[in-house]
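J.: Once you've had a glance at the structure underneath, I'll fire off some questions.
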Amino acid sequence: MHDIAIYPGTFDPITNGHVDIIERGSKMFGKIVVAVAEQTAKSCLFTADERVEMAKIATKHIKNVIIEKFTGLAVEYVKNQNGAVMLRGLRAVSDFEYELQMALANRELCENVETVFLTPKSKYLYLSSSLVKQIISAGGDVQQWAHEKVIEKLKTKLAFDK
Ligand code: COA
């Protein structure tokens, strides 16, 4: 039996689509660990500590969630938390090929780590962190897609970046 699910990602920043997956997972597993990747192939707008802080704020209402940073391969991190599964969100069909490739590669790397996919509400199917950043940069309203504190931090960061 699996009691812990680890949800890895960059969360740059966390959006309501991520929170939707975490809420669903929190009803299925005893504990959800949101694992914030410290080093990623992408260049992040926020530091790892800032991404962790925003994830904590956005998931404060969910009791069995903890937020942690990790380095290295996500699958290794999951393997080291004995008996945990990897939780991933599947949004549109376009996610499928990438997610399948990652799940199969991860299985080759760590045979015992299973990947579990959950699908968010349809209103979040097209959402991504980049989309939220782009809309805010252009002065648009993103309140239906991200926590108000996350939006505040994005506005400050993007104004500072100009
Ligand atoms: N709601 C809203 N947006 C979502 C979402 C959801 N439910 N699920 C994913 N997204 C968004 C993410 O915000 C991200 O947006 P962005 O590209 O604009 O930043 C995009 O969809 C892709 O998400 P995801 O596939 O989770 O990518 P990621 O870059 O956040 O994380 C990992 C990918 C897990 C591979 C990476 O962060 C990681 O763990 N790196 C460590 C190294 C590693 O293990 N690599 C894998 C080798 S097989």
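Read the figures in this text as sums done on the coordinates, not as results from a lab. What you see is a predicted model, and the numbers here were worked out from it, not measured in a lab. Counting neighbours? That spans all protein chains shown, and the Cβs are built from the backbone with ideal geometry, glycine included.
J.: Find the relative contact order for the chain and round it to a whole percent, using C-alpha pairs within less than 8 Å whose residues are 6+ positions apart.
T.: RCO, the chain: 28 percent.
J.: Could you check which residue among Lys63, Lys42, Lys31 shows the biggest mean-square fluctuation in a GNM of the chain with a 10 Å Cα cutoff?
T.: Lys42
J.: As I understand it, the value is the acute angle between the Cα axis of helix 48-58 and the longest principal axis of the Cα atoms of the chain; what does it come to in degrees, rounded to 10?
T.: Helix 48-58 sits roughly 90 degrees off the main axis of the chain.
J.: Please identify, among Arg24, Arg51, Arg88, the residue showing maximal mean-square fluctuation in a Gaussian network model of the chain using a 10 angstrom Cα cutoff.
T.: So, out of Arg24, Arg51, Arg88, the one fluctuating most is Arg24.
J.: Follow-up question, since we're still on this one. Which pairs in the list Lys31/Lys155; Lys31/Lys153; Lys60/Lys149 are over 20 Å apart, alpha-carbon to alpha-carbon?
T.: Going by Cα-Cα distance, Lys31/Lys155; Lys31/Lys153 fall outside the 20 Å limit.
J.: Right, something else. How far, in degrees from 0 to 90, does helix 148-161 lean away from the longest principal axis of the Cα atoms of the chain, to the nearest 10?
T.: Once rounded, the angle reads 70 degrees.
J.: Multiply the residue separation of Lys149 and Tyr126 by 0.36 nm, subtract the distance between their alpha-carbon atoms, and state the gained length in nm to one decimal.
T.: Extra length from Lys149 to Tyr126 when fully extended: 6.1 nm.
J.: Among bridges DSSP assigns within the chain, what percent are antiparallel (round to 5)?
T.: 0 percent
J.: Give me the one-decimal nm value for the distance between modelled label points at Asp141 and Ile62, 7 Å along each residue's Cα-to-Cβ direction.
T.: 2.7 nm
J.: List the lysines whose Cα sits under 18 Å from the Cα of Lys42, skipping any in the same chain fewer than 8 residues away.
T.: Lys69, Lys133, Lys157
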